[in-house]
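What follows is a set of notes on a single structure, which appears directly below.
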Amino acid sequence: MSEQQRRAAGRERSDHGFDPAERLQDREARGLHRDIAPVERVAARSRMAPDPKAEPPTFEGEELSIFAANNYLGLADHERVQAAAAEAAREVGTGAGASRLVTGDTPPHRALERELAETKHTERALAFSSGYAANVGTIAALAPDVVFSDELNHASIIDGCRQAGAETVVYDHCDPEDLRAQMEARAAAPVGDESWLVLTDSVFSMDGDVAPLTAICDVVEEFGAWLMVDEAHATGLYDDGGGIVQREGLSDRVHVQMGTLSKALASQGGYVAGSDPLIEHLLNAARSFVFSTGLAPPAAAAAREALRVARESGRRDQLWATVDRLRDGLEDMGYDVWGETQILPVVVGDRSDAVALDDRLRDHGIVAPAIRPPTVPEGTSRIRVAPMATHTDEDIDRCLDAFRAAGEDLGLL
C-alpha cells in the first residue's frame, strides 16, 4: 500500500483534527463572536477601522472619542514616556533577547523595579512580561494548598489557581464575612498543615467597585493566611502613584502586591512587589518569568517614566475631575451607574439593549463597549465607560450628549 493510500485509509477510519469553522459558528450562534477593530493611535481621540482580517486596516472618517481604553492617565502618547522608550531602544536595544535569568536583565528593568518597590512600600519588585503572566506565575510558584478567591476576580487569577493545582474556595464578592465563614469551615475540618492564600482584585474591572481591604486583612491575619492583591486597575491612580493598598495604608499587611504596567502606566508588562525572600523565590520558581523572554527594555523604561509622571503631575486630579463630571451627568439623566472608581459601568440590564446602546453611541462618535454575559451576570449587561485624564471638556460634553440622545432613541431614558 502506498503512502497516499495509507493516509486515505487513516482518514476513513477516524478524524482526530479540529474544526475551527464549526467552533466559530457555535460562538456566533451564542452571540459571543467578536472582531478586532484596529485603532489608529492610542489616545483620547482616534479613528478606528473595521476588522480587515489579514489585510491592512483602512482608517476613514472623523476621529472618535475613546471611552473604552484603560489608558487612564492618558500617558501612552506623553512625550516624556515616549522619549524614555526611545532612549532605552537606542542605548539598550528593542528587545531583551532572552530570559532575564540568562542575558535579558537590563538597567531599565532594575530601575523600574526599584521605583515600583518604593511606590508600593516594599523591599523589592519583579517585572514580568505581562500582568497575566505575573498572576499565573506567582500563584503557581507559591503553590498554596488552598486559595480563597473573590467570585469576581480576574481570569488571570482563576487560571493561576488552576496552574497551582490548589483547592479553590470562592467567597462572595467583596464580602469579608463570607470569607471568614469559608475559612472557619475549612479550619473546622483541617487537612494537615495547609498553606492558605487569599486572592482579590483591589479595583474590579467590570463593576468598578473596591474590595474592603482593611476588613479582608483582619480576616486573613485571624487565620494566619497570606493575602495577594491585584492592583491592575489601581496602580498609578492613588497616593504617590500607588494603588488602593497605599491609599488604605496597608502595605505592611498585604504579602503580595501585583499590578500591571499596561493600564495607567501606559506601557506593557506586569509586576509583583513584596519582601526580598518573596521576590527571590519568584525569580527562581515562577515559570512565566523563568521561561519567558524578559520585558522589552523600552517598555520597562516607558513604565518607569509613566510612574514618575503619575507621581509628580496633576494627571490623577484631572482624571478624578473627569470621572466625577461624567458620573454626575449620567446619573442626572437617569442612568444606573455602578462602582466608585474611574470605571463607570452604565448598567442597562438586557444584553440586546446594551449592544444597541453601544451601536448608537458609536453613531454619535463615542467608543464605549457593551459588556454582556458571560463576562457579567445575566441581567446586568452594561456599557463600560473608561475616561482618561486627557479627555477635554468637549469630549465629556460629546459623551454625555451621545448617551442622552442614544438613551432617548432606545427608550432607556
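The values are calculated or read from the model by the stated rules, or taken from the named source; none is laboratory data. Predicted model only: the values in this text are computed from it and were never measured. Glycine gets a Cβ as well: all are built from the backbone with ideal geometry, and neighbour counts include every protein chain shown.
For this structure, a couple of remarks:
- Any hit, region 235-254, residues being assigned to a helix (DSSP H, G or I), closer than 30 Å to A88 by Cα, at pLDDT below 95 and not basic (K, R): yes
- Test: residue in region 221-229 that is over 28 Å from P108 (Cα atoms), of a type in the set (G, A, S), touching a Ser or Thr at 6+ places or on another chain (Cβ under 9 Å) and not in a helix (DSSP H, G or I): yes
- When P20 is tested against the conditions (1) closer than 30 Å to D350 by Cα; (2) surrounded by 13 or more Cβ atoms within 10 Å (Cβ to Cβ); (3) at pLDDT 90 or above, the lone failure is (2).
- Residues located in region 345-354, provided they are surrounded by fewer than 17 Cβ atoms within 10 Å (Cβ to Cβ) and β-branched (V, I, T): none
- So A111, is it modelled with pLDDT of 95 or more, out of contact with any Ser or Thr (no Cβ under 9 Å at 6 or more places or on another chain), among the aliphatic types (A, V, I, L, M) and not assigned by TED's automatic domain parsing to the domain that holds V323: yes
- Selection status of A88, touching a residue at least 12 places away in the same chain (Cβ under 8 Å), crowded, with 22+ Cβ neighbours inside 10 Å and more than 24 Å from the chain's Cα centre (by Cα): yes
- Each residue in region 64-85 was checked for being closer than 30 Å to L400 by Cα, touching a residue at least 24 places away in the same chain (Cβ under 8 Å) and among the charged types (D, E, K, R), and 1 of them qualify.
- Criterion violated by V254 - all others in (1) farther than 29 Å from P377 by Cα; (2) out of contact with any Cys (no Cβ under 9 Å at 6 or more places or on another chain) satisfied: (2)
Every residue, every condition in (1) modelled with pLDDT of 95 or more; (2) among the hydrophobic types (A, V, I, L, M, F, W, C); (3) closer than 24 Å to Q318 by Cβ; (4) within 20 Å of the chain's Cα centre (by Cα), yes or no:
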residue	(1), (2), (3), (4)
G365	yes, no, yes, no
A370	yes, yes, no, yes
V376	no, yes, no, yes
D395	yes, no, yes, no
A402	yes, yes, yes, no
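- Residues that are of a type in the set (D, E, K, R), outside the structural domain of H233 (by TED's automatic domain parsing) and either over 27 Å from A234 (Cβ atoms) or in contact with a Ser or Thr (Cβ under 8 Å, 6 or more places away or on another chain) (or both), drawn from region 36-90: E40, R45, R47, D51, K53, E55, E60, E62, E63
- One residue stands out among those in region 50-73 that are under 22 Å from I36 (Cα atoms) and in contact with a helix residue (DSSP H, G or I) (Cβ under 8 Å, 6 or more places away or on another chain): the one that is surrounded by the most Cβ atoms within 10 Å (Cβ to Cβ), which is Y72.
- All of L237, L250 fail the test of being closer than 22 Å to S130 by Cβ and not polar (S, T, N, Q), apart from L237.
- Flag for L361 being crowded, with 23+ Cβ neighbours inside 10 Å and modelled with pLDDT of 95 or more: yes
- Residue match in region 112-124 (condition: touching a helix residue (DSSP H, G or I) at 6+ places or on another chain (Cβ under 6 Å), within 29 Å of G249 (Cβ to Cβ) and of a type in the set (G, A, S)): no
- Odd one out for E55, checked against (1) in a loop (DSSP other than H, G, I, E, B); (2) at pLDDT 95 or above: (2)
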